[in-house]
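Trainee: I'd like to ask some things about the structure below.
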Amino acid sequence: MPNGRKIATSTNVSVCVSAPPAFRQQLLAAIPRLRRYARSLVFDAQNADDLVQNTLERALGHWRQFDPRRDIVLWLLSIAHNAHLDGLRRDRRLDVLPPERVTEALDAQQPLGGDAGLRLDINAALERLTLDQRSALLLVLVEQLSYAEAAEVLQVPAGTVMSRVSRARVAMREWLDGSAGSGSARAGSKPDLRRVV
Amino acid sequence: MSRPDDFSDTDLSAWLDGELDVERHALVEARLREQPELAARARLWAADRDALRARLDPVLGEPVPAGLTNLVWQHREPPRWARAAVAAGLVITGALVGAGGMWQWQGQRSASVIAAAQSATAAGTPSGWVQRAALAHSVYVPEPRHPIEVKAQEEHLSRWLTRRIDIPVKLFDLRDEGFELMGGRLLPDANGKSAQLMYESLDAAAPKQRVTVYLRKPDSGAPTAFSYRQQGELGQFYWVEAGAGYALVGALPKERLLALAQAIYKQQPPPLAASGAAR
């Protein structure tokens, strides 16, 4: 005897288990930016693309969790960030490429142009930053996210992003001034800039 | 006018990033006019930013490796139930892995029944039909197009299965536990026919999961204890009650599967004889 409960009729028996094409299109469009961010995080081009692949797999496996009202790039950067952290936990080697290896890896990627000297130095300086500083700096300066957006990606408060970016700039510049052996920049304004604590 | 301690690197950095409010922005610009060395520092930071972009922006223009493009187009979500089916399939062809965890139904069952069931499990028995339930689960749950034979239209499905397997088939409502009935199918069993009901998780945010309930007319003398066993990812609760054998199969954590088993147990129909619905 059927009782009063109504069992909802399953009209779609062949349940769609995979990401819809529109979602895949969005992923494809986001790949170049993902690759750029990954390259800046892990330096080595092959490792960077491994990170991108890992990110895409996670995104495809969890596509239902993506809120279409959000910017998919932010979502993907956030996944990449977490995937990178997971990767570091699994394998510390990713983060400790020796500086000469970093320069080598980056040089292999593209011809040098413009201020090649500064760019080489920038690579080495980047490598010396902590991951926290580096990711915040890259999201804001290279990905050109707002502090609020970077905060969303990194899952930290916007104020934390602000101070990490600032500290990253200071650290990078200090290293560049020191390594360049030029006293002009170093002797400049530093004494006037005191952090308000 | 200038108060050195109300100004920090952070202000200059945020100014470069366009993140300051109007008041603070004006303060930084005033300082930059007053202090040439500060302006020089800002220019260096801006140059560093430009160098970073120049270093990394070319990646945007690189051709995307085919491997990544193919991954996006060809990726199929590996369903949990597919992985479970693989695990179960491997086990089904072999001997039982261990005796499986035995579990006492809220202390309602007597120890002797439990012990009997345990020894049966240890001997690799209870088991024929539970094994068939697991196998049927593994075969039909990963099926994308035809996981069920008859959709969940309560009266028809229930009547059809009841008529075929000769025990009352009730379409358990597991929505409170987050699962919705998809439908059911008729299956061959050692001593006749059995029915399989399939349920799918309702949580849209998580990967879909499916569980099955296998129903059959029990062999006489079959152990009736409420039991649990685990094969790979696949958990199975099974019991015999009121003239029907039940096996709930799913790749879920034991507690979650137990909650479903309890919901089913509470909704179990009375035996045909007791309900007076002799057929």
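Trainee: Test A:Asp107 against the criterion of being surrounded by fewer than 21 Cβ atoms within 10 Å (Cβ to Cβ), within 12 Å of chain B (Cβ to nearest Cβ) and modelled with pLDDT under 90, and give yes or no.
Mentor: On the way: surrounded by fewer than 21 Cβ atoms within 10 Å (Cβ to Cβ): yes; within 12 Å of chain B (Cβ to nearest Cβ): yes; modelled with pLDDT under 90: yes.
Yes: the conditions hold for A:Asp107.
Trainee: Let me ask something else about it. Please specify each residue of the stretch B:201-249 satisfying the condition of being surrounded by fewer than 22 Cβ atoms within 10 Å (Cβ to Cβ) and within 14 Å of another protein chain (Cβ to nearest Cβ).
Mentor: B:Ser201, B:Leu202, B:Asp203, B:Ala204, B:Ala205, B:Ala206, B:Pro207, B:Lys208, B:Gln209
Trainee: Hey, another quick one. So, B:Arg53, is that one assigned to a helix (DSSP H, G or I), out of contact with any His (no Cβ under 7 Å at 6 or more places or on another chain) and within 7 Å of chain A (Cβ to nearest Cβ) or not?
Mentor: Working: assigned to a helix (DSSP H, G or I): yes; out of contact with any His (no Cβ under 7 Å at 6 or more places or on another chain): yes; within 7 Å of chain A (Cβ to nearest Cβ): yes.
When the stated conditions are applied, B:Arg53 passes them.
Trainee: I'm trying to understand the selection: among the residues of the stretch B:250-269, which are surrounded by fewer than 15 Cβ atoms within 10 Å (Cβ to Cβ) and assigned to a helix (DSSP H, G or I)? Even if it seems obvious, please write down each step before you answer.
Mentor: Taking the stretch B:250-269 and keeping what is surrounded by fewer than 15 Cβ atoms within 10 Å (Cβ to Cβ), we get B:253-255, B:266-267.
Once the filter is applied, which keeps residues that are surrounded by fewer than 15 Cβ atoms within 10 Å (Cβ to Cβ) and assigned to a helix (DSSP H, G or I), the stretch B:250-269 yields B:Lys254, B:Glu255, B:Lys266, B:Gln267.
Trainee: On to the next question. Please enumerate the residues belonging to the stretch A:133-144 that are surrounded by 24 or more Cβ atoms within 10 Å (Cβ to Cβ) and not in a helix (DSSP H, G or I).
Mentor: Hits for the stretch A:133-144: nothing passes.
Trainee: Moving on. What is the one condition in (1) at pLDDT below 85; (2) assigned to a helix (DSSP H, G or I); (3) not hydroxyl-bearing (Ser, Thr, Tyr) that A:Leu112 does not satisfy?
Mentor: Only one criterion in (1) at pLDDT below 85; (2) assigned to a helix (DSSP H, G or I); (3) not hydroxyl-bearing (Ser, Thr, Tyr) is unmet by A:Leu112, namely (2).
Trainee: Can you tell which of A:Leu56, A:Leu74 is more than 9 Å from every other protein chain (Cβ to nearest Cβ), part of a helix (DSSP H, G or I) and under 14 Å from A:Ala29 (Cα atoms)? First the steps, then the outcome.
Mentor: On the way: A:Leu56 fails: more than 9 Å from every other protein chain (Cβ to nearest Cβ).
Matching residue, one of A:Leu56, A:Leu74: A:Leu74.
Trainee: So, one more: Kindly indicate whether any position in the stretch A:23-45 is in a helix (DSSP H, G or I), at pLDDT below 90, more than 10 Å from chain B (Cβ to nearest Cβ) and in contact with a helix residue (DSSP H, G or I) (Cβ under 6 Å, 6 or more places away or on another chain).
Mentor: Yes, that holds for at least one residue.
Trainee: Pick from A:Gly117, A:Gly87: which is assigned to a helix (DSSP H, G or I), at pLDDT 75 or above and not basic (Lys, Arg)?
Mentor: Working: A:Gly117 fails: at pLDDT 75 or above.
Unique residue meeting the criteria: A:Gly87.
Trainee: All but one of (1) within 10 Å of chain A (Cβ to nearest Cβ); (2) surrounded by fewer than 24 Cβ atoms within 10 Å (Cβ to Cβ); (3) in contact with a strand residue (DSSP E or B) (Cβ under 8 Å, 6 or more places away or on another chain); (4) under 30 Å from A:Ala59 (Cβ atoms) hold for B:Met198; state the number of the condition that does not hold.
Mentor: Going through (1) within 10 Å of chain A (Cβ to nearest Cβ); (2) surrounded by fewer than 24 Cβ atoms within 10 Å (Cβ to Cβ); (3) in contact with a strand residue (DSSP E or B) (Cβ under 8 Å, 6 or more places away or on another chain); (4) under 30 Å from A:Ala59 (Cβ atoms) one by one, B:Met198 breaks only (2).
Trainee: Continuing with the same structure: Which residue pairs have Cβ atoms closer than 8 Å, lie 6 or more positions apart in sequence or on different chains, and pair a first residue in the stretch B:197-216 that is small (Gly, Ala, Ser) with a second residue that is part of a loop (DSSP other than H, G, I, E, B) and modelled with pLDDT of 90 or more?
Mentor: Here the result reads B:Ser201/B:Gly178, each pair linking the stretch B:197-216 to a residue that is part of a loop (DSSP other than H, G, I, E, B) and modelled with pLDDT of 90 or more.
Residue-wise test of (1) assigned to a helix (DSSP H, G or I); (2) in contact (Cβ under 8 Å) with a residue 24 or more places away in the chain; (3) under 17 Å from A:Leu137 (Cβ atoms).
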residue: B:Leu12; (1), (2), (3): yes, yes, yes
residue: B:Glu23; (1), (2), (3): yes, no, no
residue: B:Val28; (1), (2), (3): yes, no, no
residue: B:Glu37; (1), (2), (3): yes, no, no
residue: B:Ala40; (1), (2), (3): yes, no, no
residue: B:Leu44; (1), (2), (3): yes, no, yes
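The values are calculated or read from the model by the stated rules, or taken from the named source; none is laboratory data. None of these values were measured; they are calculated from a predicted model. With ideal geometry, Cβ positions are generated from the backbone for all residues, glycine too; neighbour counts draw on all protein chains shown.
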